[in-house]
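S.K.: Take this structure, written in structure tokens, and hold onto it; I'll ask about it next.
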Amino acid sequence: MDRERRAGLQMQLQEAISSAIEAGQFAAGDRLPSTRGLAAYLGIARITVTMAYQSLVADGYLMTAPRSGYRVSQEAPGVAAAARPEPKPPEGPAVDWAKRLPERYGLVTGLTKPANWRSLRYPFIYGQADPLLFPHDAWRDCARRALGRRDFDVVAGDFRQSDDAMLVSQIIMRSLPGRDLYAEPQQLLVTYGAQNALWLIARLLFDGRPAPAAAIEDPGYPELRELLRLSGVRAVPVPLDEEGLRVDLIPEDVQALFVMPSHHAPTGITMSMRRRQEILALAEARDLVVIEDDYDFEMNVLRRPSPALKSLDRQDRVIYLGSFSKSLFPGLRLGYLLAPSPVVEEARGLRTLVARHPPGITQRTTAYFLALGHYNAHVRRMRDEFRVRCRLMLDSLAEAGIALAKPSAVGGASFWIETPGVHTRQLAERILEAGILIEPGAPFFASERPPESFMRLAFSSIPRERIAEGIAKLAAALKEAS
């Protein structure tokens, strides 16, 4: 039994026994050790063994008989296949998959991080949940409620023509009003996060259109750039200034704009109200569609969030994308899009062809989390903690002489740093041994030869007491590399 594993001892024991039965290592009717004997042998509590055995009985792996203890069930998975044949090599020439596959998607890796990043002492990495801040007990309670008998039909059903009505209602009542947004249920579609929503919209807007082109922010979200390229869309990079996307540099031939007004990735710029009005005026004049990715709006830690661009839209030109990845955790893979009902209807049909609908258990658990007030309370606690971390990091950066590339872009959960003369990808490799994790900035740029002197530093995943020490060590590494 591995006491260092996150899985409990009971789960480890169930896993070991069920795996052995499925592998044919036990025959039907074989007797297992007594609970007392196995507990003594493994050095664990007898109740742990008893509960593991009872769970395996409930799942059909074991059976009980008077005065004979626990035995392998006749119906246990794998019992009938105890003598498994050896795998046979393929006959004839193997398929040449290198020629069959286009080799386009395997290279789309996006921004990567080491698998053991949580064990690093100074993870200045963005977009990952901090387990110390997450309300585990509240989430567990919501999952338990979602798994109850009352909700079983919703959780277990196939509702491809609709989403969890409770979740849709809670998003409309509790999430959208904070962005000055209001909607009817038929205007909202639940998605597998914002990435899935971006893909759906790109397919709907550009499939079959001659010479499709869209304006994107540069630097910007790498996966959006690749998604458009692989969809046959010419992604036109447009630079930013202190107010956001440069409207005066948007080409005449684009049909859509993809923007992040709340907190731009990666610079952290919040688009000014004047620039938002300019974008909407341009969209009206040129008959453009605007896709608003409301990235990280919950983490306005030093100022009140600005209204969503969609809230200023009076012509239904803006398609709004929201996500729970940053506010809850990225592994949830749950987001939504808000758009005119004809768009939602088509997006729902496309989603059905690809993945039908997000899992019912995920939708209903999140619905309870919102309905019981846990979500808004959690976001408030995160803002309070991130406000402290933000000021600590600003002070540490100033003391270390590390300047922000965009001095006015302060208030989100990360900072965009320029390091003249320092190749940040090479720097990131060197300082990883010291437990310092940064995000090099080059992947965010659309250029084939992107600048290498930028990096993003986030404080969402590093405890406050390690920020100053980590920035000091980073400053020393920068000085050595320059």
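The values are calculated or read from the model by the stated rules, or taken from the named source; none is laboratory data. In this text the structure is predicted, and so the values were computed from the model without any measurement. Every residue, glycine among them, receives a Cβ derived from its backbone with ideal geometry; neighbour counts consider all protein chains shown. Side chains are part of the model used for accessible areas, which takes the heavy atoms of the whole protein and leaves out ligands, DNA and RNA. Shrake-Rupley method; radii C 1.70, N 1.55, O 1.52, S 1.80 Å.
S.K.: Being open to solvent by less than 30 Å² (accessible area, probe 1.4 Å), within 30 Å of ASP384 (Cα to Cα) and assigned to a helix (DSSP H, G or I), is that true of even one residue in the stretch 286-298?
M.R.: yes
S.K.: Mind checking which residues of the stretch 207-221 are open to solvent by less than 30 Å² (accessible area, probe 1.4 Å) and touching a helix residue (DSSP H, G or I) at 6+ places or on another chain (Cβ under 8 Å)?
M.R.: If the condition is that a residue be open to solvent by less than 30 Å² (accessible area, probe 1.4 Å) and touching a helix residue (DSSP H, G or I) at 6+ places or on another chain (Cβ under 8 Å), then PRO212, ALA214, ILE216, PRO219, GLY220 are the ones that fit.
S.K.: I've got another one for you. For the stretch 402-429, what are the residues that are aliphatic (A, V, I, L, M), without any contact (Cβ under 8 Å) to a residue 40 or more places away in the chain and open to solvent by less than 30 Å² (accessible area, probe 1.4 Å)?
M.R.: Within the stretch 402-429, ALA428 is the sole residue that qualifies.
S.K.: For residues that are open to solvent by less than 10 Å² (accessible area, probe 1.4 Å), under 23 Å from the mean Cα position of the chain (by Cα) and not small (Gly, Ala, Ser), tally how many sit in the stretch 457-473.
M.R.: So the answer is 3.
S.K.: Can you give me the number of residues within the stretch 12-41 that are surrounded by 14 or more Cβ atoms within 10 Å (Cβ to Cβ), part of a helix (DSSP H, G or I) and not acidic (Asp, Glu)?
M.R.: 10
S.K.: Suppose the filter is over 23 Å from THR191 (Cβ atoms) and open to solvent by 10 Å² or more (accessible area, probe 1.4 Å); does ARG304 pass it?
M.R.: Spelling it out, ARG304 is indeed over 23 Å from THR191 (Cβ atoms) and open to solvent by 10 Å² or more (accessible area, probe 1.4 Å).
S.K.: Report yes if some residue within the stretch 438-451 is among the basic types (Lys, Arg), under 18 Å from LEU120 (Cα atoms), at pLDDT 90 or above and open to solvent by 10 Å² or more (accessible area, probe 1.4 Å); otherwise report no.
M.R.: no
S.K.: Out of (1) open to solvent by 50 Å² or more (accessible area, probe 1.4 Å); (2) hydrophobic (A, V, I, L, M, F, W, C); (3) closer than 23 Å to ASN300 by Cβ, what's the single condition that is false for LEU432?
M.R.: (3)
S.K.: Take residues that are at pLDDT 90 or above and not β-branched (Val, Ile, Thr) and tell me which of the helices (runs of 4 or more DSSP H) falling wholly in the stretch 129-195 contain 3 or more.
M.R.: 136-146, 165-170
S.K.: Of the residues that sit in the stretch 353-367 and are of a type outside the set (A, V, I, L, M) and open to solvent by 20 Å² or more (accessible area, probe 1.4 Å), which one is nearest to ASP151 (Cα to Cα)?
M.R.: Checking each candidate, the answer is ARG364.
S.K.: Just name the residue that is surrounded by the fewest Cβ atoms within 10 Å (Cβ to Cβ) out of those in the stretch 136-191 that are more than 23 Å from the chain's Cα centre (by Cα) and of a type in the set (Lys, Arg).
M.R.: ARG149
S.K.: What are the pairs, 6+ residues apart or on separate chains, where a residue within the stretch 241-270 that is more than 26 Å from GLU298 (Cα to Cα) and acidic (Asp, Glu) has its Cβ under 8 Å from a residue that is at pLDDT below 90 and open to solvent by 10 Å² or more (accessible area, probe 1.4 Å)?
M.R.: Taking only residues 6 or more apart or on different chains, the pairs are ASP253/ALA211.
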